[in-house]
1. Look at the stretch 71-122 and say how many of its residues are within 16 Å of the ligand (Cβ to nearest atom) and basic (Lys, Arg).
2. Can you tell me which condition Gly160 does not meet? The list is (1) open to solvent by 10 Å² or more (accessible area, probe 1.4 Å); (2) within 14 Å of the ligand (Cβ to nearest atom); (3) on the phi > 0 side of the Ramachandran plot, and all the others hold.
3. Given the criterion closer than 23 Å to Lys88 by Cα and either under 19 Å from the mean Cα position of the chain (by Cα) or within 16 Å of the ligand (Cβ to nearest atom) (or both), identify the matching residue among Glu143, Glu131.
4. Across the stretch 262-301, what is the total count of residues that are open to solvent by 30 Å² or more (accessible area, probe 1.4 Å), in a strand (DSSP E or B) and touching a Cys at 6+ places or on another chain (Cβ under 9 Å)?
5. Find all pairs meeting these conditions: Cβ atoms under 8 angstrom apart; at least six residues apart or on different chains; first residue within the stretch 87-103 and more than 14 Å from Glu143 (Cα to Cα); second residue open to solvent by 60 Å² or more (accessible area, probe 1.4 Å).
6. Evaluate the stretch 58-71: report whether one residue or more is touching a residue at least 24 places away in the same chain (Cβ under 8 Å), under 20 Å from the mean Cα position of the chain (by Cα) and under 21 Å from Thr140 (Cα atoms).
7. If Met104 satisfies every condition in (1) within 28 Å of Gly252 (Cα to Cα); (2) buried (at least 20 other Cβ atoms within 10 Å of the Cβ) but one, which is the exception?
8. Hand me the list of helices (runs of 4 or more DSSP H) wholly inside the stretch 50-157 holding 1 or more residues that are farther than 27 Å from Gln288 by Cα.
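The values are calculated or read from the model by the stated rules, or taken from the named source; none is laboratory data. Predicted, not measured: the structure shown is a model, and the values here were computed from it. Using ideal geometry, Cβ is built from the backbone for each residue, glycine included, and neighbour counts are taken over all protein chains shown. Accessible surface areas use protein heavy atoms only, side chains included; no ligands, DNA or RNA. Shrake-Rupley method; radii C 1.70, N 1.55, O 1.52, S 1.80 Å.
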Amino acid sequence: MKILVLGGAGYIGSHTVYELIDAGEEVVIADNLETGHIEAVHPKAKFYKGDIRDRAFVDSVFDNEKIDAVIHFAANSLVGESMVNPLKYYDNNLCGTKVLLESMVAHNIDKIVFSSTAATYGEPERIPIMEGDRTEPTNTYGETKLSMEKMFKWTGKAHGLRYVSLRYFNACGAHVSGQIGEAHKPETHLIPLILQVPLKQREHISIFGDDYDTKDGTCIRDYIHVTDLAQAHILAVKYLMAGNESNIFNLGNGVGFTVKEVIETARKVTGDPIKAEIEPRRAGDPAQLIASSEKARTILGWKPEHADLEEIIATAWKWHSTHPNGYAK
Ligand code: UFG
């Protein structure tokens, strides 16, 4: 198969490319390198630098390459930024996807796997969260991802395109080789921020609120290893190639950890005391987000292989301790 990975130089995209190439697939990457890193591009993948909002660019990739399916990661994904600059998210996430779909329809490419998020649910109505539960995003990022899902749905009905939307919970960890990993600027995610303390880049980790209705008062999240997410994309492509209908799947381990538990595990992995300080709640954080991924397990045959939090943090530590400045030289 020849797979086009849009956003293949980003965090989850680059890990998916590594898994695809390990599985013997042919990979073409398109990325504008706005948040992606050229160093994260697998040497065996063919790389096109460009933006999905540029119709001529997208057309040229489809004209040059005989693509069997698309995996779409090309989007902005910072919740905080999306609230300050919502139109940036509408422009890149929605306008970009519109141009992409126009080009796919024109080139008769009818299969797409899409990077969605638990943020499509907003405040959950129950735990664990099921795919059919209420979707009421509480931030622009989640809203644009939900709108992208709908764009696939209605384009699919009109033009016969089929899609799989994968709603990730808290993506984390790094490739077991330590060659690629998480490198966001600014970094907002819990695990890389915790690891900045033993790296001496940060004096302490802030715990955003300890008065939630949870076992130790801190927020609970479902942390899922990036390589397990990557595997789910491959299974989703195969699912579409086998002729199955469009579908939506949650991806998480189904187990929640509190912020304090994550910090404690990082202390164990790094051997560093990692100072933590309680600070006020961060606006918009639900107390608890845990996925039911039964549907992905049953229908896609997905089985996370790095579910242990200590192992997840160990892979992240391997990457961050050898690349303290990310991909920067
Ligand atoms: N947290 C801290 N201190 C920090 C950073 C985070 O206590 O310095 C806490 C947050 O309050 C939250 C937990 O750690 O309770 C995890 O926070 P992250 O920012 O790592 O992740 P989120 O759960 O906020 O966000 C993730 C994805 C988003 C996605 C969202 C779905 O990163 O892309 O899940 O709700 F939108």
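1. 1
2. Here Gly160 clears every test but (2).
3. Details: Glu131 fails: closer than 23 Å to Lys88 by Cα.
Only one candidate passes the filter, namely Glu143.
4. 1
5. From residues that are more than 14 Å from Glu143 (Cα to Cα), the pairs are Gly96/Arg53; Val99/Arg53; Val99/Asp54; Val99/Arg55; Glu102/Arg55; Ser103/Arg55.
6. Our first condition is that a residue be touching a residue at least 24 places away in the same chain (Cβ under 8 Å); within the stretch 58-71, this holds for 58-59, 61-63, 65-71.
With the extra rule that they be under 20 Å from the mean Cα position of the chain (by Cα), the set shrinks to 69-71.
Imposing the further condition that a residue be under 21 Å from Thr140 (Cα atoms) reduces the set to none.
No, because not a single residue in the stretch 58-71 is touching a residue at least 24 places away in the same chain (Cβ under 8 Å), under 20 Å from the mean Cα position of the chain (by Cα) and under 21 Å from Thr140 (Cα atoms).
7. Condition (1) is where Met104 drops out.
8. Numbers: elements: 55-64, 79-84, 86-89, 96-106.
Where helices (runs of 4 or more DSSP H) fall fully within the stretch 50-157 and carry at least 1 residues being farther than 27 Å from Gln288 by Cα, they are 55-64, 86-89, 96-106.
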